[in-house]
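**Q** Okay, handing you the structure first.
The values are calculated or read from the model by the stated rules, or taken from the named source; none is laboratory data. No experiment lies behind these values; they were computed from the predicted model shown. Glycine also receives a Cβ, built like all others from the backbone with ideal geometry; neighbour counts cover every protein chain displayed.
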Amino acid sequence: MKMEHRMRQAMEGGRFRLYYQPQVCLNTGVVLGVEALIRWFDVELGSVPPGNFIPLAEESGYIVTIGAWVLNEAVRQAAVWQAQGCARTVSVNVSSLQFQQADFVERVASALQNSGLDPASLELELTESILVQDADEALARLQALAALGVVLSIDDFGTGYSSLAYLKKFPIHKLKIDRSFIRGLPADESDQAIVSAIIQMGRALKLTVIAEGVETTAQRDLLQRMHCDQYQGFLCSPGVPSEDLENVIGLAM
Ligand code: G
Ligand code: G
Ligand code: MN
Ligand code: NA
């Protein structure tokens, strides 16, 4: 069976779920937000890792359908947390094709409106490649999203081909340092230099900086000394179902 057909069946059968990975304040240990990560539990194939289907969904265009579902589901869940009195942001990964839809901004606006979620509680994770393609169109779209009040972050920061000029040009609020630079910490001196430079630049530009892929206390402690704002990684928790989140957050540090 073709993968796209399987994805369509899985979507119709409710076989996709969102898991949530905490984003932790390095100063206080408080969980400020979570990143929504899609999971596919197929009737026949079992658990299909996102690395195996997101690229195919991007090629076939089905990512637009998946992305719309992810956005609405994440916003719905965040509105539930908000109604429970829990201030917590939700970060949603946005694919290039999804961002390029003519009505992408309206889709975000209506997801917010339908749910009643405070726009400041929604973060959109964009990759550098999104900013490189058709920069004028991207600028207009980002300005419209920023005007809605949503937070715009650059995912996998430092791994793309774009220039740093976009940090000046686009209304970006947050940088996510790619985990390839975190892996070598605390020992690797090149990684130290790169991470430290990103943090300092982020601070100077008044951006929030979050480190991805933090797995050890030594990495976390170094990032804290470097004045990084937040971290995300297996040290706190992998992505977990919403019902397990309170448990994980109770243990966060
Ligand atoms: O979720 P990890 O746990 O395995 O995710 C693997 C890859 O899939 C990462 O690059 C991540 O950004 C991407 N990914 C996870 N969830 C989503 C999603 O909802 N939308 C998109 N576009 N990518 C996602
Ligand atoms: O591309 P993006 O940054 O959205 O991808 C998130 C991916 O990173 C997911 O596959 C998630 O499971 C993975 N991830 C999250 N935390 C860690 C970590 O501490 N170590 C490693 N190796 N992967 C992580
Ligand atoms: Mn991400
Ligand atoms: Na990333």
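**Q** Go through the residues of the range 226-238 one by one and say whether even a single one is without any contact (Cβ under 8 Å) to a residue 12 or more places away in the chain and farther than 30 Å from Arg107 by Cα.
**A** No.
**Q** While we're on this one: Can you name every one of the strands (runs of 3 or more DSSP E) wholly within the range 7-124 that holds 1 or more residues which are closer than 22 Å to Asp155 by Cα and of a type outside the set (Lys, Arg)?
**A** Strands (runs of 3 or more DSSP E) meeting the threshold: 16-25, 31-42, 89-93.
**Q** Within 23 Å of Ala120 (Cα to Cα), exposed (fewer than 14 other Cβ atoms within 10 Å of the Cβ) and within 16 Å of ligand 2 (Cβ to nearest atom): is that true of Pro171 in this structure?
**A** No; evaluated as a whole, the condition is false for this residue.
**Q** Starting from residues that are touching a residue at least 40 places away in the same chain (Cβ under 8 Å), of a type in the set (Val, Ile, Thr) and within 15 Å of ligand 1 (Cβ to nearest atom), keep the ones in the range 73-94 and report whichever is farthest from Glu35 (Cα to Cα).
**A** Val75
**Q** Just give me the residues in the range 212-253 being at pLDDT below 95 and charged (D, E, K, R), in sequence order.
**A** Once the filter is applied, which keeps residues that are at pLDDT below 95 and charged (D, E, K, R), the range 212-253 yields only Glu246.
**Q** For Ile198, only one of the following conditions fails: (1) at pLDDT 95 or above; (2) over 30 Å from Pro238 (Cβ atoms). What is its number?
**A** (2)
**Q** Continuing with the same structure: Spot the failing condition for Val24; the list is (1) of a type outside the set (Ser, Thr, Tyr); (2) without any contact (Cβ under 8 Å) to a residue 24 or more places away in the chain; (3) touching a Cys at 6+ places or on another chain (Cβ under 6 Å), and only one is missed.
**A** Result: Val24 fails condition (2) only.
**Q** Filter the range 153-168 down to the residues that are within 16 Å of Gln133 (Cβ to Cβ) and surrounded by fewer than 16 Cβ atoms within 10 Å (Cβ to Cβ), then identify the one that is nearest to ligand 3 (Cβ to nearest atom).
**A** Ranking the candidates gives Tyr161 first.
**Q** Regarding Lys206, is this residue among the basic types (Lys, Arg), away from ligand 2 (no atom under 16 Å from the Cβ), on the phi > 0 side of the Ramachandran plot and more than 18 Å from the chain's Cα centre (by Cα)?
**A** Yes.
**Q** Still on this structure, please answer the following. Would you point out the residue of the range 84-138, among those that are among the polar types (S, T, N, Q) and within 16 Å of ligand 3 (Cβ to nearest atom), that is farthest from Gly239 (Cα to Cα)?
**A** Ser129
**Q** Quick one: is Gln192 farther than 19 Å from Leu124 by Cα and away from ligand 1 (no atom under 15 Å from the Cβ)?
**A** Spelling it out, Gln192 is indeed farther than 19 Å from Leu124 by Cα and away from ligand 1 (no atom under 15 Å from the Cβ).
**Q** Just to verify a result, which residue in the range 225-250, among those that are within 17 Å of Lys176 (Cβ to Cβ) and polar (S, T, N, Q), is nearest to ligand 3 (Cβ to nearest atom)?
**A** Gln232
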